[in-house]
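What follows draws every value from the coordinates through simple rules; no lab data is involved. Since the model is a prediction, treat every value here as computed from it, not as a measurement. Here the Cβ positions follow ideal geometry from the backbone for every residue, glycine too, while neighbour counts run over all protein chains shown.
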Amino acid sequence: MNKVIGLRCRECGEIYPKRLIHACSLCFGPLDVAYDYDAIAGALSREAIGRGPPTIWRYRDLLPVEDGGSIVDIGAGLTPLLRADNLARELGLNEVYVKNDSVNPTFSFKDRPSSVAVSKAIEFGSPAVGAASTGNLAGAIAAHAARARLPCFIFIPEGLEVSKVVQTLAYGAHIIEVAGTYDQANRLATEIALTSNIAFANINVRPYYVEGSKTLVFEICEQLGWRAPEHIIVPVASGALLHASLRGLKELEEVGLIDDWSTRISAAQAAGCSPVVQAIQKGTTEIIPVEKPNTLCKSLAIGDPADGYYAIQAVRSTGGTGRAPSNEEILNGIKLLARTEGVFTEPAGGAVVAALKRLVEEGEVERDEQIVLYITGNGLKTQESLVPSLIKPFRIGPTIEDFRKLLINLQTPGVKWLEGV
Ligand SMILES: *Cc1c(COP(=O)(O)O)cnc(C)c1O
Ligand SMILES: [Zn+2]
């Protein structure tokens, strides 16, 4: 089945053949994969998806890879959707879910777009892959490249978390740390993409890459019994994931997998780098780039987001909103989610939890609204940001007496943990 028609300009609608291009030569608009939805709808059913692999590739009919032999699948996707009643209670809400994408193979949602991007690079016969990354894409592309036995070039800004760099090196990637911000690293990678045969996931493979991100909302709908959620809160870096969420909902309706939906899509960023949320709050679609992001939420620190404009449009058109919590609120968000639901996320997830807390406090969500939080990255990758705000482990001698003394200090009235205490 030839389900991909080509690439279509998001602005002027011009159709291009399937190639490694990402911008319209008429208007410079971004290109999206154009599908033959009628052909797909005829072949696709909820049951067929249910019988598919437990990864993003269960939605293969809605992904742009046509040669099954080029698929690189290390298990991205089909992550748990957890009902978060403890968190909901603490926030004064009734129905909150956590989409725990922190348990993907490289511990962030970036495995979804990376699996598609590297598969597509193989289909195009690219001799090497690459990416500019705020941290998580680095590990995800490097792992998929390792599996595909392709050389990998990763461009990162200064000052990323140690675990993200170590993990990426372990997969055997070449890491190039550019003295500057993400936007500077990305600009350099864009120049290299134009003059090399490297397939850059977030640059010349971008139209295909972003298709992987929409599987997150596909899964949420499937896990809710093929119903769209009422409200999703999405962390925003380049804006691709947020925009892809709207695109994903429209596609599910188009091929008949969900019926009428009215999902509000809201954005979460960090106060130290919030160009998208600023624009949403001001009621404009004009993005003022942040020259020097300053936040511990490094995975979201993109000052000039490629899909920012489209993310704002998606929020607007669905009646969503946006919040950009401070570092302190983000750390509290991480701890709140960890101690209520047993899910340890990185600052991007903390920003999502903190954004919801703000929305509740400001009366922007109804008590009964069904809310799904996108928890996109794992706390083990960003431990250094949390350490200063945690209490240290207790230190005692190796005796029962020392432990008894400790318990006396910890004792809660009415609870007995140890005889004689
Ligand atoms: C990259 C990233 C996002 C958002 O990515 P977009 O560029 O907006 O698609 C969200 N959370 C985490 C943890 C990320 O690494
Ligand atoms: Zn165009």
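Which of Leu356, Leu26, Leu224 moves most in a GNM of the chain, Cα contacts under 10 Å?
Ranking Leu356, Leu26, Leu224 by mean-square fluctuation puts Leu26 first.
Using DSSP to call loops (not H, G, I, E or B), can you name the trypsin sites (Lys or Arg not before Pro) in the range 30-92 whose Cβ has at most 11 other Cβ atoms within 10 angstrom?
Details: sites: Arg46, Arg51, Arg58, Arg60, Arg83, Arg89; in loops: Arg51.
Sites meeting the loop and neighbour criteria: Arg51.
Summing -39500 (n - 2.57) over the DSSP H runs of n ≥ 4 in the chain and dividing by its residue number, what mean residue ellipticity at 222 nm do you reach, to the nearest 500 deg cm²/dmol? List each step's numbers first, then the result.
Values: 16 runs with 162 residues, N = 421.
So the calculated ellipticity at 222 nm is -11500 deg cm²/dmol.
Sorted by mean Cβ packing within 10 Å, highest first, what order do the peptides 170-177, 262-269, 236-243 take?
Numbers: 170-177: 15.9, 262-269: 24.4, 236-243: 28.9.
Answer by packing, highest mean first, reads 236-243, 262-269, 170-177.
Which three extents, in angstrom, do the Cα atoms of the chain have along their principal axes, listed largest first?
Ordered largest first, the chain gives principal extents of 77, 47, 45 Å.
Which links in Lys3/Lys298; Lys214/Lys392; Lys250/Lys282; Lys214/Lys357 stretch past 30 Å when you go from one Cα to the other? List each step's numbers first, then the result.
Details: Lys3/Lys298 37 Å; Lys214/Lys392 40 Å; Lys250/Lys282 27 Å; Lys214/Lys357 25 Å.
Violating the 30 Å Cα-Cα cut-off are Lys3/Lys298; Lys214/Lys392.
Could you derive backbone 3J(HN,Hα) for the range 78-85 from the dihedral phi with the Karplus parameters 6.51, -1.76 and 1.60 (θ = phi - 60°), listing whole Hz in sequence and x where the residue is Gly or Pro?
6, 7, x, 9, 9, 6, 10, 5
Give a residue-ordered list of calculated ³J(HN,Hα) values for the range 133-138 (Karplus: 6.51 cos²θ - 1.76 cosθ + 1.60, θ = phi - 60°; whole Hz; x for Gly, Pro).
Result, ordered by residue: 9, 8, x, 7, 5, 3 Hz.
Order these by the 10 Å Cβ neighbour count, fewest first: Val234, Val353. Please list the in-between numbers first.
Working: Val234 29, Val353 32.
Final ranking by Cβ density, sparse to dense: Val234, Val353.
Sorting check: for 339-346, 299-306, 396-403, 366-373, which peptide has the highest mean count of neighbouring beta carbons within 10 Å, and how do the rest follow? Each step should come with its number before you reach the end.
Details: 339-346: 21.8, 299-306: 24.4, 396-403: 10.8, 366-373: 18.6.
Going from most to least packed, we get 299-306, 339-346, 366-373, 396-403.
For helix 240-254, what angle does its Cα long axis make with the longest principal axis of the chain, in degrees from 0 to 90 and rounded to 10?
70 degrees
Among the trypsin sites (Lys or Arg not before Pro) in the range 142-206, which ones are in a DSSP loop with at most 15 other Cβ atoms within 10 Å of the Cβ? Mind listing them? It would help to have the intermediate numbers written out before the result.
Details: sites: Arg147, Arg149, Lys164, Arg187; in loops: Arg149.
Taking the range 142-206 and a limit of 15 other Cβ atoms within 10 Å, the loop trypsin sites (Lys or Arg not before Pro) found are Arg149.
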